[in-house]
Amino acid sequence: MRKNTVISFIGLLFCLCIQAQGTSTSVNSTVNDVDWARAEKFSSDALEQYIKGKRPYPNWIEGSSYFYYNVKEDNGVSYYLVNAKNGKKRNMIKDNLQFVQQYARITGDTLDARNIQLYGYRFKKNDFNRFYLDKKGKSMVYDMRTGILTQIKAENKKKERPVLKPSYHSSDSLFTMLGCGYDLYIRNNRTGIIHRLTKDGKEDASYTYRCSKDTIESNTKGFWLGHRYVCLMQDTSEVKEISLINSLARQRPTTNTFKMPMPGDAGVRQYRMFWYDADHEQGKMLPIGKYPDQVVTLDYFRSPEALFFTRRSRKGDKIDLCRINVTDGTVTELISEECAPHINLTLSGYRIIEKGKYFIWWSERTGKGNYYLYNSDGRLLNRITHGDNLVAGSIVHIDTLRRNIIFAGYGNEPDTNPYYTFYYKADFDGKKQTLLTPGNGNHELTLSDDQRYAIDTYSRMDSAPVMNVLSIDRPTQYFEVNRMDDSLLRKAGWQPPLLLKLKAADGKTDLYGLMYLPSQLDKNKKYPIISNVYPGPQDDQIPQSFTLDDNGNQSLAELGFIVINVAPRGSSPLRGHDFYNFGYGNLRDYPLADDKSVIEQLAEKYPFIDLNRVGIYGHSGGAFQTVAAILTYPDFYKVAVAASGNHDNNIYIQWWGEAFHGLTEKTDPKTGKTVFSTKIPTNMELAKNLKGHLMLITGDVDKNVPPSSTYRLADALIKANKRFDMFILPGKDHGVMCPYYQNLIRYYFVENLIQPVKQHIDIINHN
């Protein structure tokens, strides 16, 4: 390694960088002592070799209560067949060496007896003593009782593919919907006569997929239900554009221009629903409107009698479920929900039962998300799911015969991390709810074809996966099938992160997260602490299941840091209405106090944490939190790395800023139209506060968080005379992760926290 290491450059072809505050031109001896090889040794790529093949991926056998999986064990790869009724498993290959010898005689191919790799094998007619496979043009059957592999006559596998009627033809082919230009035309296939149906289609508000000069069958966006045709058209004609430059395009740079509505914009996506009755040659726009600038989503359920859709207010605080009578085009509002300040956009949803006879509806009306049963008229029958602390998640299965649902749930198990997923069965009438997946960890559930049995795999960041099999009807009778062997991983020096439970800045709310320690921690020394952050609110990115070196945090710790990842208030939709909405109206600042408080609590508990050397880093929303933190607490955070950050949420995605910060809704007295506006605080407003070391990173073709946010922050820092570092990663979109990016982070913290060099922060006045 060169002793003169500089990670910020000016004017290079492949990394454009604004030189600012940051790195020293000389690397001190402490940096030289950093063990880079050790960091790589504990990366996920390096550690994977110790558990490769040891994590089973089970597959249910169609129409049975059996499943199979393979796993790497001490004596090689083993294949197992499991009976879910009793949890008993048997080795599918009686003798590995004998199997590969027989396989070689039949196919002329060789297999490694310790590492047999089989794909595409199958069982027939519920005979679980034999399995079949085709390799190298040969068909074979293996008898698991005798250990004999036999060549058999090849099967004729050709199957008749069902002929699907294209959506532009009615089911009886009497009518065909055509597209010409941006509009719809109908052809009566008995007479051949074509009529034009719509005249308001235009660019970005079209009933067709593309503008065509003539009528084309495959060019229409709607679908037939009997002799009724329905088309949901999205009008983006008033949405403004944004452009990015792809500097790496060949032969010359190209411009990528796309529509992107922003918070408070007047021009946002609009929705119209066109309905046509071919028998009576009548068409009309359906009356689906209720809220200004509403969001309309058509359900996938299709029948000649009914369609269903939801409409949601622009502020996200109201949502309705509506039914379309396909026969006459009337629209009926069935369920209307209001939740201030906004609905849980991640978990809210519904399911249509028995072709619209019943509905299962998710609501946060009690402060926690639960499912409710409604009848076809939209009348509430009862609450289905129960628990004072339960937040109901996605529905896995609905059994209309037994009248119950299987669903994911959070927060209901006492003394357990509320982010862990558990699965429950609940009766439609709400009288009985049963836990299906015991075990302190994060669960994944896979149902058999008949939904009578399930495979439950659970783990934690400090505990390897355990695979159980259970009966849905008798869930207390479950059997452990496999426990992943992590002994080689631990022998290699891997250690799990510490699971954290701390208090928020309010001193009351429990926060959860992880702490990564150097594997050679010396408790008598002082270590810098780095907080890896992401504020949500729509998604919590702290891993709950077993993961190696998530986000590179363990390998970063091996360089001589304490690294933490703790979810603040407002960061997750999984913990109920109040927690989820903590940041409403305060989108920039809400997670900051909790992160600072958590670091202070940990430093008080663990004397080896050095509060004078605090770093912070994050990507996307984590980047805007990172910058807000170092500018709000400039004497606390000393070093920050922010990648792909939405530092100005006024120019970020419309729904995100409007839902999570808020939106003012007023009526224009002159026009009578509803006018929406918002003003979200930005990181630019805090630029003058910078004291520490800050690196900004962005990809130049990021369509999620366009680099404009980073450029505007850079401009604000320059105007404030602040010294900072900035990297543009050419050709990178929002996902900037790569070895170069990861090592930028490592180098920046090593060179500025292990033994930071004092530098001027005011680049104009030199102080």
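Shown here: the stretch 376-470, whose C-alpha atoms stretch 49, 32, 17 Å along the first, second and third principal axes, sorted largest to smallest. Between A249 and S139, the modelled label-to-label distance comes to 5.2 nm, taking each label 7 Å out from Cα in the direction of the beta carbon.
Straight-line reach from K135: taking Cα to Cα under 19 Å and skipping same-chain neighbours fewer than 8 places apart, the aspartates and glutamates in range are D109, D112, D143, E155. Amide H to amide H, with H built 1.01 Å from N, T509 comes under 5 Å of A504, counting only residues 5 or more places away or on other chains. Per residue, the chain exposes 46 Å² of accessible surface when a 1.4 Å probe is rolled over the protein heavy atoms with every protein chain present.
Farthest towards the positive end of the charge dipole of the stretch 73-204, among the residues G87, I152, Q117, is the Cα of I152, using unit charges on the Cβ of Lys, Arg, Asp and Glu.
What ranking, highest mean first, results for peptides 220-232, 43-55 when packing means the other Cβ atoms within 10 Å averaged over each residue?
Taking the mean over residues of other Cβ atoms within 10 Å, the ranking is 220-232, 43-55.
The base-10 log of I(q)/I(0) for the chain, evaluated at q = 0.05, 0.06, 0.10 Å⁻¹, reads -0.34, -0.49, -1.28 [Debye formula, identical scatterers on Cα atoms, solvent excluded]. Could you let me know the centre-to-centre spacing of the stretch 569-636 and the stretch 196-220, using Cα atoms, in angstrom? Here the two parts' Cα centres lie 50 Å apart.
Need the C-alpha centroid separation for the stretch 428-482 versus the stretch 262-310, integer Å. Taking the Cα centre of each part, the stretch 428-482 and the stretch 262-310 sit 40 Å apart. Per residue of the chain, the DSSP helices (runs of n ≥ 4 H) give a summed -39500 (n - 2.57) that works out to -3500 deg cm²/dmol at 222 nm.
Think of each Lys and Arg Cβ as +1 and each Asp and Glu Cβ as -1; about the Cα centre, that makes the dipole of the chain roughly 1460 debye. When S243, S376 are compared by accessible surface with a 1.4 Å probe, the order from highest to lowest is S243, S376. Dipole check for the stretch 657-746: with +1 at the C-beta of Lys and Arg, -1 at the C-beta of Asp and Glu, and the Cα centre as origin, the magnitude is about 320 Debye. Set against the 2.2 N^0.38 Å expectation for a compact globular protein, the stretch 399-438 has a Cα radius of gyration ratio of 1.24. Each DSSP beta bridge with both residues in the chain is either parallel or antiparallel, and the antiparallel ones are about 85%.
Across the stretch 291-303, computed HN-Hα scalar couplings (Karplus, 6.51 cos²θ - 1.76 cosθ + 1.60, θ = phi - 60°) run 10, x, 6, 5, 10, 10, 10, 8, 6, 6, 4, 10, 8 Hz from first to last residue, x flagging Gly and Pro. Available extension along the chain between Y57 and R302 is 84.8 nm, counting 0.36 nm per residue and deducting the alpha carbon span.
Cross-link reach is defined here as a Cα-Cα straight distance under 12 Å, omitting same-chain residues fewer than 8 places apart; for K315 the aspartates and glutamates meeting it are D293, E338, E658, E665. For the chain, the residue among N417, I216, F727 whose Cα projects farthest onto the positive side of the dipole built from Cβ charges is I216.
Take every Cα pair under 8 Å whose residues are at least 6 apart in sequence, average their separation, divide by the length of the chain, and the relative contact order is 12 percent. Label positions at N389 and I216, each projected 7 Å from the Cα along the C-beta direction, are separated by 5.8 nm.
Phi-derived couplings, Karplus 6.51 cos²θ - 1.76 cosθ + 1.60 at θ = phi - 60°, listed residue by residue for the stretch 529-534: 10, 10, 9, 8, 10, 8 Hz, with x used for Gly and Pro. Note on the stretch 656-736: percent of Cα-Cα distances in each 5 Å bin, starting at 0 and stopping at the bin with the largest distance, equals 3, 13, 17, 15, 15, 15, 8, 6, 5, 3, 0.
Between T547 and T330, what is the FRET efficiency for a Förster distance of 41 Å, r being their Cβ-Cβ separation, to the nearest 0.05?
According to the calculation, E is roughly 0.20.
The length gained on full extension between D112 and R403, counted as 0.36 nm times the residue separation minus their Cα-Cα distance, comes to 99.8 nm.
Going down the table (K523/K605; K54/K125; K199/K670; K508/K638; K221/K284; K290/K318), which pairs top 19 Å between alpha carbons?
K54/K125; K199/K670; K508/K638, as the Cα separations exceed 19 Å there.
Listed cross-link partners K355/K431; K52/K85; K259/K355; K202/K666 are compared with a 26 Å cut-off, the Cα-Cα value being larger for K52/K85; K259/K355; K202/K666. Net charge dipole, the stretch 356-458: roughly 440 debye, given to the nearest 20, about the Cα centre with Cβ charges of +1 for Lys and Arg and -1 for Asp and Glu. Projecting the Cα atoms of S463, Y69, L286 onto the dipole axis of the chain, where Lys and Arg carry +1 and Asp and Glu carry -1 at the beta carbon, places Y69 farthest toward the positive end.
With the convex hull of the Cα atoms taken as the outline of the stretch 193-275, the averaged projected area works out to 8.5 nm².
Note on K89: lysines with a C-alpha under 16 Å away, same-chain residues under 8 apart excluded, are K72.
Between the alpha-carbon centres of the stretch 701-767 and the stretch 637-690 there is a gap of 22 Å. Three semi-axes describe the equivalent ellipsoid of the stretch 630-767; taken as square roots of 5 times the Cα gyration tensor eigenvalues and ordered largest first, they are 33, 19, 12 Å. I'd like the carbon and sulfur percentage of the solvent accessible area for the chain, probe radius 1.4 Å, heavy atoms only, ligands and nucleic acids excluded. Carbon and sulfur: 48 percent of the exposed surface of the chain.
The values are calculated or read from the model by the stated rules, or taken from the named source; none is laboratory data. Since we're looking at a predicted model, the values are computed, not measured. For neighbour counting, all protein chains shown are included, and Cβ atoms are generated from backbone atoms with ideal geometry for every residue, glycine included. What goes into the accessible areas is simple: the full protein's heavy atoms, side chains included, and nothing from ligands, DNA or RNA. Shrake-Rupley method; radii C 1.70, N 1.55, O 1.52, S 1.80 Å.
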